[in-house]
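Asks: Here it is: the structure, laid out below.
The values are calculated or read from the model by the stated rules, or taken from the named source; none is laboratory data. All values derive from a computational prediction rather than experimental measurement. Here the Cβ positions follow ideal geometry from the backbone for every residue, glycine too, while neighbour counts run over all protein chains shown. Surface accessibility is based on the protein's heavy atoms, side chains included, excluding ligands, DNA and RNA. Shrake-Rupley method; radii C 1.70, N 1.55, O 1.52, S 1.80 Å.
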Amino acid sequence: MSIACCAAPSSPIVGEIESFLREVIADLVPDPTAPVGRGRPRVLPALCLWAGLLTCVARGFGSQADLWRLLTQQGLWDYPRFPVTDQAIYNRLAAAGTAPLEALFAQLTALLAARLAPLAETDLAPFATDVVALDESDLDRMARLLPALPARDAGLLAGALAGVFDLRLQQWRRVAYRTDAAQNEKVAARAMVAGLAPGTLIVADLGYFGFAWFDGLTDAGYWWLSRLRAGTSYDVIHTYYQDDETFDGLVWLGKHRADRAKHAVRLVQFRVGEHLHAYLTNVRDPHLFPMAEVARVYGRRWDFELAIKLVKRELGLHLVWSTKPTVIAQQLWAALCIAQTLHALRFEVARRAAVDVFDVSLPLLVRWMPRFAAQGEDPVAIFVERGRAAGFIRPSRRVSHEAPTIPERRILPPHAGATLERVPRYAQRRCRPRKGNGN
């Protein structure tokens, strides 16, 4: 595959999203389901099948039937119209599964990560190797006419998407789709973070809260950051700083002999208006990870939710094409491939325009950038040059919680030789089905 279009940070990532995808798709492995030897050769090449699927998602089409119409009635790019039936398309998709799309996603991820690395937000928790958000989201309910089912009936849900999202590069690092939307997040949590570079800071919410989980991350060489779950017992070991409800110090998690964590952790707490914010982290040095930076980094966990919103709303995953798990997974992986490219485009626009990435409107980028590209213009250059005047670039409305800034001279160091590790005991709790998303 030629990657000349991705060679220099000053050039656009793509001249047109579909053209870029066409180059990458052409580099996929041969179709493993293609007949060999005797038999009628296939009328529709695998390249066109997957390119058509991605194009349908990129253009906002709403069903597998639209893919059939694109390939047989309109035609894809400069390929001829293919004389195939709608059932033939459905059979090909069902037989192929998601392997080709997952391979494409992996290629896109590696290519875009290498390109965006020089532009990464290195000021976000600079002590960490990488900074990622770990979370998951239910896919929206599938449309049903009859019979009427309860609102939370699992049969209405298209499954769940778990992912690791790179907060510095605004790229998906790892994604997993499962059909059981009620499965507890903790079941697959360790597999989701396995293979991340040592020193990575993992930001996760209450769905992953657990003493054994925290200790496991620490023992594996990862940094982590979480909210404090209400009702969690702890003992204060050392107070770095305290002023009324503002607190920064070391604590043991778990007062009871049957359930206590192995490693001492840091508790950071402050009030904003009526809400008391409380966070836990294994970054025990307040000079390395100040209170204000703790609040800022945790606030970036919302990047995961915005990335999910792009896949669901802007790329049409709120309307799943089928009740069949394989078709849902294919639509999901196609949407993720498009999303990786769109996130990269937005990131480059922000860096070239010297603005925060969230000042670049993602819905407007999705709507307008393909139009400029279709006219043969450089869409990234247009967004940079005309973005403010056209409203493509505008101040973000994201809410940020301003934590107090504690002068370093007010931080009281712990006593030398303080014990920060003990024998753990973990209560044997089963990972029950989720009642909510824990956010």
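Asks: Could you tell me which of the residues ALA176, ALA181, ALA151 is at pLDDT below 90, over 9 Å from the mean Cα position of the chain (by Cα) and assigned to a strand (DSSP E or B)?
Replies: ALA176
Asks: Give LEU276, LEU364, LEU280, LEU345 a once-over and let me know the one that is in contact with a helix residue (DSSP H, G or I) (Cβ under 7 Å, 6 or more places away or on another chain) and among the hydrophobic types (A, V, I, L, M, F, W, C).
Replies: LEU345
Asks: Right, something else. Hey, can you tell me all the residues within the stretch 209-239 that are part of a strand (DSSP E or B), open to solvent by 20 Å² or more (accessible area, probe 1.4 Å), among the hydroxyl-bearing types (Ser, Thr, Tyr) and touching a residue at least 40 places away in the same chain (Cβ under 8 Å)?
Replies: THR239
Asks: I'm told PHE127 meets every condition in (1) out of contact with any Gly (no Cβ under 9 Å at 6 or more places or on another chain); (2) in a loop (DSSP other than H, G, I, E, B) except one. Can you identify the failing condition by its number?
Replies: Evaluating PHE127 over (1) out of contact with any Gly (no Cβ under 9 Å at 6 or more places or on another chain); (2) in a loop (DSSP other than H, G, I, E, B) leaves (1) as the failure.
Asks: Going through the stretch 419-439 one residue at a time, which ones are at pLDDT below 90, in contact with a strand residue (DSSP E or B) (Cβ under 8 Å, 6 or more places away or on another chain) and hydrophobic (A, V, I, L, M, F, W, C)?
Replies: The one that is at pLDDT below 90, in contact with a strand residue (DSSP E or B) (Cβ under 8 Å, 6 or more places away or on another chain) and hydrophobic (A, V, I, L, M, F, W, C): ALA427.
Asks: Which residues, taken from the stretch 62-83, are open to solvent by 30 Å² or more (accessible area, probe 1.4 Å) and either free of Cβ contacts under 8 Å to residues at least 12 places away in the same chain or β-branched (Val, Ile, Thr) (or both)?
Replies: Passing the criteria: ASP66, ARG69, GLN73, GLN74, ASP78, PRO80, ARG81.
Asks: Right, next: Which ones in the stretch 240-258 are in a strand (DSSP E or B) and either loosely packed, with under 12 Cβ neighbours inside 10 Å or among the polar types (S, T, N, Q) (or both)?
Replies: GLN242, ASP243, THR246, HIS256
Asks: Give the residue, chosen from VAL355, VAL366, VAL283, that is of a type in the set (Val, Ile, Thr), within 30 Å of LEU67 (Cβ to Cβ), buried (at least 18 other Cβ atoms within 10 Å of the Cβ) and over 15 Å from the mean Cα position of the chain (by Cα).
Replies: The match here is VAL366.
Asks: Could you go through the stretch 289-296 and let me know if any residue there is surrounded by fewer than 19 Cβ atoms within 10 Å (Cβ to Cβ) and among the charged types (D, E, K, R).
Replies: yes
Asks: Yes or no: the stretch 262-274 includes at least one residue that is outside any loop (DSSP other than H, G, I, E, B), open to solvent by 10 Å² or more (accessible area, probe 1.4 Å) and of a type in the set (Val, Ile, Thr).
Replies: Yes, there is a match, as at least one residue in the stretch 262-274 is outside any loop (DSSP other than H, G, I, E, B), open to solvent by 10 Å² or more (accessible area, probe 1.4 Å) and of a type in the set (Val, Ile, Thr).
Asks: Under 7 Å between Cβ atoms, at least 6 apart or on separate chains: pull out the pairs that start in the stretch 406-418 with a residue that is at pLDDT 90 or above and in a loop (DSSP other than H, G, I, E, B) and end on any residue that is of a type in the set (Val, Ile, Thr) and surrounded by 11 or more Cβ atoms within 10 Å (Cβ to Cβ).
Replies: Hits for this filter: LEU412/THR239.
Asks: A further question follows. Scan (1) within 21 Å of PHE289 (Cβ to Cβ); (2) modelled with pLDDT of 90 or more; (3) not aliphatic (A, V, I, L, M) for the single condition PRO395 breaks and write down its number.
Replies: Every condition holds for PRO395 apart from (1).
Asks: Considering (1) modelled with pLDDT of 85 or more; (2) assigned to a loop (DSSP other than H, G, I, E, B), say which one PRO32 fails and leave the rest.
Replies: Going through (1) modelled with pLDDT of 85 or more; (2) assigned to a loop (DSSP other than H, G, I, E, B) one by one, PRO32 breaks only (1).
Asks: Can LEU67 be described as at pLDDT 75 or above, touching a Leu at 6+ places or on another chain (Cβ under 9 Å) and in a helix (DSSP H, G or I)?
Replies: In short, yes.
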